[in-house]
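Trainee: I have a structure I would like to understand better, so I am pasting it below and will then ask my questions one at a time.
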Amino acid sequence: MSLLNLMNLMNGLALGVMRVTTTPAPSTGSWESNPIQKLREKLALRWSIFEGLDFLFFLMAVPFTLITVGLLLYNLWGILKFLWSASKGQKPIADKPFWIRVAVVIFVCFLLFSGIFWDVLEAIYSWTSNQDVTG
């Protein structure tokens, strides 16, 4: 089949698909009356399939905990190094940017360890899932 014949065949198929039908609309309650709702039912993600996969959250929590503890220990090591150099007179103890960085990192670690971060994420998820965007 030549390229020109293939293009003519594709154009014919496209025109056939785009042809407007004059058949009356089906009665309410049938599948064709609201195909968007049926598509939404068929294509929406069903979260119930993840119910048996709770162990994956545990597997994801182990590296998360190790990273958070590592961050806290790294921050503690940085504080000890800073205090050591301050005691030798190499850096001033009133280094404001350093103490701000330390406070921010400790605060983030506190949010992660205490679960407040996850509570905020859960509240955001619950709020957005309850919003009606259909108008």
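Nothing in this text is a laboratory measurement; each read-out follows from the coordinates by a stated rule. In this text the structure is predicted, and so the values were computed from the model without any measurement. Note that we place each Cβ from the backbone using ideal geometry, even for glycine, and neighbour counts take in every protein chain shown.
Trainee: Suppose we keep only residues that are surrounded by 12 or more Cβ atoms within 10 Å (Cβ to Cβ) and closer than 16 Å to F113 by Cβ within the stretch 66-78. Which one would you say is farthest from the chain's Cα centre (by Cα)?
Mentor: L76
Trainee: Just for the stretch 79-118: of the residues that are more than 24 Å from V62 (Cα to Cα) and of a type in the set (G, A, S), which one is nearest to the chain's Cα centre (by Cα)?
Mentor: Here the answer is A103.
Trainee: Condition first: over 16 Å from the mean Cα position of the chain (by Cα) and of a type in the set (A, V, I, L, M, F, W, C). Now tell me which residues in the stretch 40-49 satisfy that.
Mentor: Across the stretch 40-49, the qualifying residues are L43, A44, I49.
Trainee: Same structure again: From S87, S48, grab the single residue that is exposed (fewer than 13 other Cβ atoms within 10 Å of the Cβ) and over 30 Å from S129 (Cα atoms).
Mentor: Of S87, S48, the one residue that is exposed (fewer than 13 other Cβ atoms within 10 Å of the Cβ) and over 30 Å from S129 (Cα atoms) is S87.
Trainee: OK, next. Only residues that are surrounded by 11 or more Cβ atoms within 10 Å (Cβ to Cβ) and over 20 Å from L72 (Cβ atoms): list them for the stretch 90-118, please.
Mentor: Within the stretch 90-118, K91, I93, D95 qualify.
This table checks each residue for (1) touching a Cys at 6+ places or on another chain (Cβ under 9 Å); (2) polar (S, T, N, Q); (3) touching a residue at least 12 places away in the same chain (Cβ under 8 Å).
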position	(1), (2), (3)
L45	no, no, no
L53	no, no, no
G70	no, no, no
K81	no, no, no
S85	no, yes, no
A94	no, no, no
P97	no, no, no
A103	no, no, no
I106	no, no, yes
